[in-house]
Amino acid sequence: MTTTQFPLSIRASAESEGENAIFHKIRHEILAGNLPANERLKVSDLAKKYGVSTNPVREALQQLRGEGLVVFTPNQGARVRTIDTDFVRDVSEVGQQLEPYLVRFFAETASQDDIDRLEAIQDEIERLNFSDKGKHADLDCQFHTTLYGNHYNRVAYKLWQQHRQILWAISTRVPVAIGRREAIFHEHRKLIDCIKRQDIDGTADTLYHHVRDAGRHLVDRLSIVQRKQGT
């Protein structure tokens, strides 16, 4: 996979150009903090910025309103909602319930080729050793997509993709602590080991703690950044 401005393979597909592409771009900028909290979102300015007509921008803002990322106020138009630690916690907690459910199917059905792919991706993650945050994010997404991508429940899988997009975009605001980096390596290897042994409960339990600890780390780091910024 190639890396663009949206790691984790979170990119609009060719058929998603227009309204959906603009939606993803604006959402990413809100979550990454490039569009600050409470900033007014003027349709004409956004259309000029992204080189599109005003219609796809209006549609994107309505979609973002539905996700709770944009707030419409009478006589004031659209503004960016505050991305606070409560929001991050809530999104993360959904993942804690969803991802163990998804991984059980993989643990039950994984082939040797699947396991070899996981190990190859993890080898590359460890060789990179967080030297490039975007590339790490892309590899990490490949790792988790391998775990969930063939699940029969496409609604659940698409929900995971949505939550992944949100948490990754927010994570671009903060550095990853050294201790968390080491924990990620250990947790991924433990997941692979459980899958090799066809330990379905162990796989799900390991993934639950992996997602929980990742969410807690992001909340803690974001809290530190926001305190420093006085937000």
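In the stretch 129-157, the residues that are over 16 Å from S171 (Cα atoms) reach residues that are of a type in the set (V, I, T) and surrounded by fewer than 14 Cβ atoms within 10 Å (Cβ to Cβ) with C-beta atoms within less than 9 angstrom, at least six apart or across chains, in these pairs: N150/T109.
Which residues, taken from the stretch 59-76, are in contact (Cβ under 8 Å) with a residue 12 or more places away in the chain and either assigned by TED's automatic domain parsing to the domain that holds D213 or more than 19 Å from N34 (Cα to Cα) (or both)?
Step one: list which residues in the stretch 59-76 are in contact (Cβ under 8 Å) with a residue 12 or more places away in the chain, which gives 59-61, 63-65, 67-70, 76.
Hits for the stretch 59-76 are E59, Q76.
So which residues in the stretch 28-42 are part of a loop (DSSP other than H, G, I, E, B) and either of a type in the set (G, A, S) or under 25 Å from L159 (Cα atoms) (or both), if there are any at all? Residues satisfying the conditions are G33, N34, L35, A37.
To keep it simple, each residue is scored yes or no on (1) part of a helix (DSSP H, G or I); (2) surrounded by fewer than 16 Cβ atoms within 10 Å (Cβ to Cβ); (3) not basic (K, R).
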| position | (1), (2), (3) |
| --- | --- |
| D123 | yes, yes, yes |
| T145 | yes, no, yes |
| N150 | no, yes, yes |
| Q165 | yes, no, yes |
| R173 | no, no, no |
| E187 | yes, no, yes |
| A204 | yes, no, yes |
| D220 | yes, yes, yes |
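The set of residues from the stretch 43-72 being outside any helix (DSSP H, G or I) and either touching a helix residue (DSSP H, G or I) at 6+ places or on another chain (Cβ under 9 Å) or at pLDDT 95 or above (or both) comprises V52, S53, G68, L69, V70, V71, F72. Taking (1) under 22 Å from Q161 (Cα atoms); (2) without any contact (Cβ under 8 Å) to a residue 60 or more places away in the chain in turn, S53 satisfies each apart from (1). The one condition from (1) touching a residue at least 40 places away in the same chain (Cβ under 8 Å); (2) of a type in the set (A, V, I, L, M, F, W, C); (3) part of a helix (DSSP H, G or I) that A183 does not meet is (1).
Given the criterion in contact with a His (Cβ under 7 Å, 6 or more places away or on another chain), part of a helix (DSSP H, G or I) and either within 20 Å of Q161 (Cα to Cα) or of a type in the set (D, E) (or both), identify the matching residue among V103, V91.
On the way: V103 fails: in contact with a His (Cβ under 7 Å, 6 or more places away or on another chain).
From the options V103, V91, the qualifying one is V91.
Would you confirm whether any residue within the stretch 160-173 is closer than 20 Å to G95 by Cα, at pLDDT 95 or above and either more than 17 Å from the chain's Cα centre (by Cα) or of a type in the set (A, V, I, L, M, F, W, C) (or both)? There is at least one residue in the stretch 160-173 that is closer than 20 Å to G95 by Cα, at pLDDT 95 or above and either more than 17 Å from the chain's Cα centre (by Cα) or of a type in the set (A, V, I, L, M, F, W, C) (or both).
The values are calculated or read from the model by the stated rules, or taken from the named source; none is laboratory data. Remember, it's a predicted structure, so these values are computed and weren't measured experimentally. Cβ coordinates were reconstructed from backbone atoms using ideal geometry, including for glycine residues, and neighbour counts include every protein chain displayed.
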